[in-house]
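A short worksheet on the structure shown next.
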Amino acid sequence: MSRLIRVSRALGHGALPLHRPFSISLARSSPTPTLTALSSTTATQPHPVVPSKAYQPSTESVFTPLDTFLPRHVGPRSNDVQEMLSVLGYKSLDEFVDATIPKNVRVDELTNEDDGKGLRAWSELELRRRAEEVAAMNKGMKSYIGMGYHNAIVPPVIQRNILENPAWYTAYTPYSPEQSQGRLESLINFQTIAISLTGLPIANASLLDESTAAAEAMAMCLASVPKPKFSKGKNVFLVSPTVSPQTLAVLETRASGFGIELKIASSNADFGAEVEALGSDRLMGTLVQYPDVNGEILDWSLVAEKVKAAGAKTVVASDLLALTMLKPPGEWGADIVCGNSQRFGVPVGYGGPHAAFFACTDDMKRKMPGRLVGLSKDSSGAPAYRLALQTREQHIRREKATSNVCTAQALLANMAAMYAVYHGPEGLRRIAGKVHSLTRVLAKVLESNGFSITNKTYFDTLTVDVTTAGISSQVIHATSVQAGINFRRIDDKTIGITLDESVGPLDLTDIVNVFYKALGKSTIEPPALEAVAQELELSSSNLTAPLQGSLARTTDFLPQTVFNKHHSETDMLRYMMHLQEKDYSLVHGMIPLGSCTMKLNSTSSMVPLSWKEFGGIHPFAPVDQARGYETLIKELESDLSLVTGYDATSVQPNSGASGEYAGLKVIQAYHESKGQGHRDICLIPLSAHGTNPASAAMVGYKVVPIKALQDGSLDLNDLRAKAEQHKDQLASFMVTYPSTFGVFEEGIEEACDIVHKNGGQVYVDGANCNSLIGLTSLGRVGGDVSHTNLHKTFSIPHGGGGPGVGPISCKAHLAPFLPTHPIIPTGGTSPISAVSAAPYGSASINTISWAYIKMLGGKGLTEVSKIALLNANYIAERLRPYYNIRFKNANGRVAHECLIDLAEFEKSAGLKVADFSKRLQDYSFHPPTAQWPISTCWLIEPTESEPKHELDRFIDALISIRKEADEIASGAQPKENNVFKNAPHPLSKIMTETWDKPYSKEKAVWPVPSLKRSKFWPTVGRVDDAAGDLNLVCECGTVEEYA
């Protein structure tokens, strides 16, 4: 061992950082906490004294660390700050902030003292050592618990070049398709995997997790029922009793808000009879698992026929690797198939993040939640990808939506897609065959020793009755834990064992020896298992042999070129780089998307995510094995409560929209506890993000809109009138602070007081929290509960469209109702049921926000808010002579984002917002948020991370674009054939021999001189949205033909 330590340390000093792989193979001896020295991959070795106990010098001391995080995170230098303040007319940052945020809601600024009112700031190296200390608290156990989570082998080429690559993880959702063709192609590969393996014709680009995907499927079944039939009682969703318990819990949470009657079947044997008994008058949908949580593989085809005869839908939760060997559900009658793609090369990470897959029949495609990538064409007729059928999304459907899904798990979907590309169908089939073969070996050994396998059919999971061998499950679990192994804990008689691709001869021998030791027998060595494999005629040459029985897969899968070409690392690396070069991300320049907060995702905060101590923990492992996670999550929840002005926090919601839903469910539970469960009115401003009304509708609330005044502020008279009108039914008021119009509401406290006086609770949406940390707080302005977006304010990367985390923080009176979980209890004393599949949601990426907060400390977090405000106001002030800044406060200030109204140009030059967005791409920028919250506007948010020179480049681009618009308005350029209408201009358009445009090629692609030095080129021309929706193609086909 010592020699290995010396080698790893030596390698760590090389030019390239040595990243620890996600391998979770362990020594066969009992586990011990990882030594801090072993965890370090830096050139500087840690001191034996752990950071939490170390000496903390004062800021004036010579020992004060120099590698502080704030100067690395914030873009403008001190002289830049003074220059920008001068442009705005202020002498100091504090004077500027006083003019921007109402004084009546200000709080004492956060300090760097750990006294309950501040947060100590750790240097980057100190944080690294503290992360190693926390990671060492997690025990390195090998878990075979299953239940939708598996030990995954992450191919290093994917780990390094996708997960750890800022060109992939700093990109935004591909709403600007001309700048996103790479990840759009990868996501359509992901969709193709789901389509091919499930046997259904259409799939989306991922959902948050398997359990919430099943809940979305239930809502789709509801949406398929005509309202008259639903009102007459066709509202029963029948669920198999062998569906994963976490999925049952999430279904329970979701069902009540829709008026769905959730019914758990008495047994799988009686499932068909219960379908018939409910009949067409009552049954709206069913959910079965294939294979089920106990590993059983049942033939559900006759049940599916009965469900269809009842005019209902069949939903199937499944497993992608198992489907390489099993008959696709689409071939035996499934309408919707969903599941977790995690075992396709994504770390288990204590529960997430992972990409759920979701496929359905063609007739249900317009009801499908989430994002859908489709094939269209660009302005020259060349194939191009885009997000399709966007009218399905919640920001358009609002309270009419049955889903509030606002994000996906794009980064994890891309990892899973690349895993399938790298292995190909043959490789996937061999992996599945090996897993199944080893499961057969294990079953044979256990049965020969008197244990009974209760599931007679299986792929990778065995449910074992240990009492037939004369021992209890407690004995088995005690013995397994001693050996560094976790099995699934079912009951006193039975345990569960799920194998995966990481299992090798030593691992399987360790598993078998747990049972031998429990029986008092001598342990065995791997050759004994080799003999069993030979007895079963299992070898590497027959791994692709089909399963026995009628449920064996007979159809080919993934025949497309992309899945049958890139199997060497050289080819794979070049393919990923080929896609990467098509996409605009923060490595190229500012992404000024309003309400999205595209800030720096620092390397120092990202590094721990790649450690096996965080990546290799099963979410249902005993809590005493995850003390590191427990410590980290408690610290994060405490820090979030402090900076948001609340008393308690839950990190279980795994997106902002999930946080909204969870917060409203907490409010609902509070009212019910007071005997006021009849309260069901939710007041929401018209300016709110579309997830707000969608979330309220999902809870079962009726949405009553609140008007805005001409200056963008909330109409308090309208709010007061409607709050008083509905005072007996008023449940909640949802308001974003600062508002989506980019200003701090002067009347926010009065608004909250109005709602409270009329019996309601206030949900303050924390989407814009990046503007106020340390200056005011969501709780201070009157909120009872809020979500924050860790993927915005607290620096988790957007990943090209996910992951995200949306924790909710609340006042003490709501804390008892924070969500729990059926496997690992969480939350308050009277909790709502689970809102996510895992107890702590997307737990592993909480390491990023934890690190971000720790490195900034109280003063740093406050400074970040000030600079975010300064950057936005600097842009607004410099653009004021050229554009209409739609809303500002009485002092002429905006918040952390500004709304620019482009309506005048449609009248004068025939230009729409989309034309400005496309033209800005030619200036090597990602466009701002377009046509929201007002259809004629751009919403611009620069964040604190952007340096002044990048802000100036952006401002200069917009000034130049204004001049181009004036040329059209004056008649110097035609209205229908100009640099806007033909934008963006890819190289392919410029390289043509003929050029028939009324402007030069240079004006098209180099409108400002700096672009000749550095420019990001869109790879396609303007994408045709209508063509893509009219001819929907959502699988990759022959990708190589138009790559």
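The values are calculated or read from the model by the stated rules, or taken from the named source; none is laboratory data. Predicted model, so just to flag it, every value in this text is computed and none were measured. Cβ placement follows ideal geometry from the backbone for every residue including glycine, while neighbour counts extend to all protein chains displayed. When the accessible area is computed, the model is the full protein with side chains, heavy atoms only, and any ligands, DNA or RNA have been set aside. Shrake-Rupley method; radii C 1.70, N 1.55, O 1.52, S 1.80 Å.
For the stretch 869-1030, averaging the sequence separation of C-alpha pairs within contact (under 8 Å, six or more residues apart) and dividing by the residue count gives a relative contact order of 24 percent. Plainly put, the stretch 175-422 has a radius of gyration that is 0.97 times its Kirkwood radius, both from alpha-carbon atoms, as the Rg/Rh ratio.
Net charge dipole, the stretch 175-422: roughly 880 debye, given to the nearest 20, about the Cα centre with Cβ charges of +1 for Lys and Arg and -1 for Asp and Glu. Each part reduced to its alpha carbon centroid, the stretch 42-85 and the stretch 826-848 end up 32 Å apart. Peptides 866-874, 781-789, 571-579 ranked from most to least packed, by the mean per-residue count of other Cβ atoms within 10 Å: 781-789, 866-874, 571-579. Taking a straight Cα-Cα cut-off under 12 Å and skipping sequence neighbours fewer than 8 places away in the same chain, the aspartates and glutamates within cross-link reach of Lys313 are Glu305, Asp335, Asp363. The simple Förster model, with R0 at 56 Å and r as the Cβ-Cβ distance, assigns Val623 and Ser380 a FRET efficiency of 0.45.
A dipole drawn for the chain from +1 and -1 charges on Cβ atoms has a positive end, and of Ser550, Ala669, Ile681 the residue lying farthest that way is Ser550.
Return the FRET efficiency for the residue pair Ala1027, His813: r is the Cβ-Cβ distance, R0 is 56 Å, and the value is rounded to the nearest 0.05.
The calculated FRET efficiency here is 0.55.
A simple spin-label model places the labels of Gln725 and Ser61 6.3 nm from each other, with each point 7 Å out along Cα-to-Cβ. Once every DSSP H run of n ≥ 4 in the chain is given -39500 (n - 2.57) and the sum is divided by its residues, what mean residue ellipticity at 222 nm do you get, rounded to the nearest 500 deg cm²/dmol? It comes out at -11000 deg cm²/dmol, rounded to the nearest 500. Specify the inter-centroid distance of the stretch 261-318 and the stretch 413-453, based on alpha-carbon positions, in whole Å. Cα centroid of the stretch 261-318 versus Cα centroid of the stretch 413-453: 27 Å apart. Restricting attention to the chain, close to 50% of DSSP beta bridges with both partner residues there are antiparallel. Could you tell me which of the pairs Lys91/Lys1003; Lys582/Lys1003; Lys53/Lys117; Lys227/Lys912; Lys599/Lys727 are separated by over 32 angstrom between their Cα atoms in the structure shown? Pairs exceeding the cut-off: Lys91/Lys1003; Lys227/Lys912; Lys599/Lys727. Per residue, the convex hull spanned by the Cα atoms of the stretch 859-988 amounts to 116 cubic angstrom. How much accessible area per residue does the chain have, in Å², with a 1.4 Å probe? Accessible area per residue, the chain: 35 Å².
Pairs of Lys residues in the stretch 431-536, spaced 8 or more positions apart or belonging to different chains, with C-alpha separations under 19 angstrom: 7 in total. Considered as an equivalent ellipsoid built on the Cα gyration tensor, the stretch 97-191 has semi-axes of 37, 28, 15 Å, the largest given first. In terms of Cα to Cα distance under 18 Å, which lysines are near enough to Lys907, apart from those fewer than 8 places away along the same chain? Within the straight-line cut-off, Lys907 pairs with Lys963, Lys975, Lys981.
Over the chain, what is the mean sequence separation of C-alpha contacts under 8 Å (at least six apart), divided by residue count, expressed as relative contact order in percent?
19
Please report how far the C-alpha centroid of the stretch 625-688 lies from that of the stretch 869-927, rounded to the nearest whole angstrom. The two parts, judged by their Cα centres, are 34 Å apart. Diffusion coefficient of the chain by Stokes-Einstein, Kirkwood radius over Cα pairs, 37 °C, 0.692 mPa s: 110 µm²/s.
Within the shell defined by Cβ-Cβ distances under 11 Å, the residues around Lys599 carry a net charge of -2, with Lys and Arg each +1 and Asp and Glu each -1. Around the Cα centre of the chain, unit charges on the Cβ atoms of Lys, Arg, Asp and Glu (plus for the first two, minus for the last two) sum to a dipole of about 300 debye.
Applied to the stretch 557-566, the Karplus parametrisation 6.51 cos²θ - 1.76 cosθ + 1.60 on θ = phi - 60° returns per-residue 3J(HN,Hα) values of 9, 6, x, 4, 4, 4, 8, 10, 9, 9 Hz, with x for Gly and Pro. You can think of it this way: the chain between Asp956 and Asp281 has 236.6 nm of extra reach, that is 0.36 nm per residue less the Cα-Cα gap. The relative contact order of the stretch 298-382, computed from alpha carbon pairs under 8 Å that lie at least 6 residues apart in sequence, is 22 percent. Each peptide in 617-629, 224-236 gets a packing score, the mean of other Cβ atoms within 10 Å over its residues, and the list from highest to lowest is 617-629, 224-236. Between the listed residues Gly742, Gly450, Pro102, the Cα displaced farthest toward the positive end of the dipole of the chain, a dipole computed from Cβ unit charges relative to the Cα centre, is found at Gly742.
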